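Taking it in order: structure first as structure tokens, then the write-up.
The values are calculated or read from the model by the stated rules, or taken from the named source; none is laboratory data. Computed from a predicted structure; not experimentally measured. Quick reminder, even Gly has a Cβ in these numbers, built from the backbone with ideal geometry, and neighbours come from all protein chains shown. Calculation scope for accessible area: heavy atoms of the full protein, side chains included, ligands and nucleic acids excluded. Shrake-Rupley method; radii C 1.70, N 1.55, O 1.52, S 1.80 Å.
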Amino acid sequence: MKKIAILGSTGSIGTQTLEVVRENPDIGVAALAAGRNIRLLEAQIREFRPEIAAVWEEEDARELRARLKDVQVKILSGMEGLIEAAVCREAQMLVTAIVGMIGIRPTIEGIRAGKDIALANKETLVTAGHLILPLTKQYKVRLLPVDSEHSAIFQCLQGEKENRIDKILLTASGGPFRGKSFEELERVKVEDALKHPNWSMGKKITIDSATMINKGLEVMEARWLFGVPLENIQVVIQPQSIIHSMVQFEDGAVMAQLGTPDMKLPIQYALFYPERRYLPGERLDFAKIGQITFQAPDFDTFVGLKYAFEASKTGGSMPTVLNAANERAVQMFLDGRIGFTDIYRVIRYCMDHHRVIENPDVEEILNTERAVYEMIESRW
């Protein structure tokens, strides 16, 4: 039986990964790690019987131990707990579905322990791609994308190893505010931003989709995952979320991956790659779809997308600045402390006031994150 460890098991990707596990009896769970949703984590532990479970706060770990006295499971906390879950001896694959730069260290240790990585943690490549990619080569592990867009590109490249990529066409739905002006975005409320037209996701990534920062982060990831220069990555608005991304080759041929907006497909593809398996759910009916449309992104309204290209081009520690500033600004927006377009203003301010560190190591990346948080707290 193949066994996996999941970091972020109570989040959107984590819970859907466990749905895939339920459907496939030849895959098991060796370790689970979550944030503070210990009720759901307790239920997951009772159902999937991992050897290790980890939470961030020791207080939550103590409560979980009390709840699970009748279950044989090792319950840990903090970064040490995350890392122990990531390197769990029984697991062949690590699913990194945890949100934030907290996922960098466990991912690195998982790679060093020889685990294949099913990557759903954007921050790992956005901020530390220059460290992660050489490590995967050094330890000869596979880095399998879970994001729907990167999985689509990965699928389009199967059988094309010797053929040169001319362009990656990264598709975006445009979010709930496609076609709006910047002035209209000024009046956006939290409840409006959380209504994505096509996808069901966690709050943070839903806001990132509404600002289109999410697509900017995906551009940064794609650059590392597929070794394509930034100028060869194009964002295309595809409002129906049917084409999940495309690859154009040097002869002009374009390969596209299509499907319903269901994250279980890229999750299952990563878990069982290169095998495809039956996946319950809806199928595309092209007669009913009628048409698939495309638009160019509005860089002047959704300026965060422009900032992401700028941060990626600058490189060094600047992607960490954009990521950290966005992470804190989104939480401030969700908490009602700032407006929707203030998310862009926070990011711009932090980028303008940062001195770039070339080729930062993990400590410098995490120190940059802390410095950005301090800058925001002193300004807002």
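Of note:
- Amide H contacts of residue 144: 117, 118, 119, each under 5 Å away and 5 or more positions distant or on a separate chain (H built 1.01 Å from N in the peptide plane; Pro and chain starts excluded).
- DSSP loop GluC sites (Glu not before Pro) with at most 16 other Cβ within 10 Å excluded, longest remaining stretch of the chain: 283-357
- Using the Karplus relation 6.51 cos²θ - 1.76 cosθ + 1.60 with θ = phi - 60°, the per-residue 3J(HN,Hα) values for the stretch 240-252 come to 7, 6, 9, 8, 8, 3, 9, 10, 9, 9, 5, 8, x Hz, with x marking Gly and Pro.
- The stretch 339-360 and the stretch 298-331 have Cα centres lying 7 Å from one another.
- Loop-located chymotrypsin sites (Phe, Trp or Tyr not before Pro) across the stretch 260-333 with a Cβ neighbour count of 16 or fewer within 10 Å are 278, 294, 299, with loop assigned by DSSP.
- Across the stretch 282-295, rounded Karplus estimates of 3J(HN,Hα) from the backbone phi angles (6.51 cos²θ - 1.76 cosθ + 1.60, θ = phi - 60°) give 5, 10, 5, 10, 5, 5, 7, 4, x, 8, 10, 10, 9, 9 Hz, Gly and Pro being marked x.
- Sites residue 59 and residue 251 - FRET efficiency at Förster radius 51 Å, r taken between beta-carbons, to 0.05: 0.30
- Cα-based shape type of the stretch 41-198, given that a ≥ b ≥ c are square roots of the gyration tensor eigenvalues and the cut on a/c is 1.5: oblate
- Length gained when the stretch residue 334-residue 295 is fully extended (0.36 nm per residue, less Cα-Cα span): 11.2 nm
- Projecting the Cα positions of 320, 54, 245 onto the charge dipole of the chain (unit charges on Cβ atoms of Lys, Arg, Asp and Glu, taken about the Cα centre) puts 54 furthest along the positive direction.
- Shape call, the stretch 240-380: gyration tensor on alpha carbons, a/c limit 1.5: prolate
- Segment residue 90-residue 162, length gained on full extension (0.36 nm per residue, minus Cα span): 22.4 nm
- Gyration tensor (alpha-carbon) shape descriptor, the chain, a/c threshold 1.5: rounded
- DSSP bridge orientation in the chain - percent antiparallel, rounded to nearest 5: 25 percent
- For the stretch 340-353, putting each phi into the Karplus relation 6.51 cos²θ - 1.76 cosθ + 1.60 with θ = phi - 60° gives couplings of 4, 6, 5, 4, 5, 5, 4, 4, 4, 4, 5, 5, 5, 10 Hz, in residue order, rounded to whole numbers and with x for Gly and Pro.
- Sites residue 373 and residue 2 - FRET efficiency at Förster radius 51 Å, r taken between beta-carbons, to 0.05: 0.85
- Straight-line reach from residue 137: taking Cα to Cα under 30 Å and skipping same-chain neighbours fewer than 8 places apart, the lysines in range are 2, 3, 115, 122, 161, 167, 215, 264, 313.
- Amide proton proximity set for residue 35, modelled H, under 5 Å, gap of 5+: 10
- Database remark: amide H of residue 235 closer than 5 angstrom to the amide H of 170 (H placed geometrically; neighbours at sequence offset of 5 or more, or on other chains; Pro and chain starts carry no H).
- Distance in nm between pseudo-label sites at residue 191 and residue 283 (7 Å out along the Cβ direction from Cα): 4.0 nm
- What the chain shows is 44 Å² of accessible area per residue, with the surface traced by a 1.4 Å probe over protein heavy atoms.
- Centre-to-centre separation between the Cα atoms of the stretch 216-289 and those of the stretch 66-134: 25 Å.
- Inter-label distance, residue 240 to residue 356: 4.1 nm, where each label sits 7 Å from its Cα along the C-beta direction.
- Each Lys or Arg adds one and each Asp or Glu takes one away; over the other residues whose Cβ falls under 14 Å from the Cβ of residue 112, this sums to +2.
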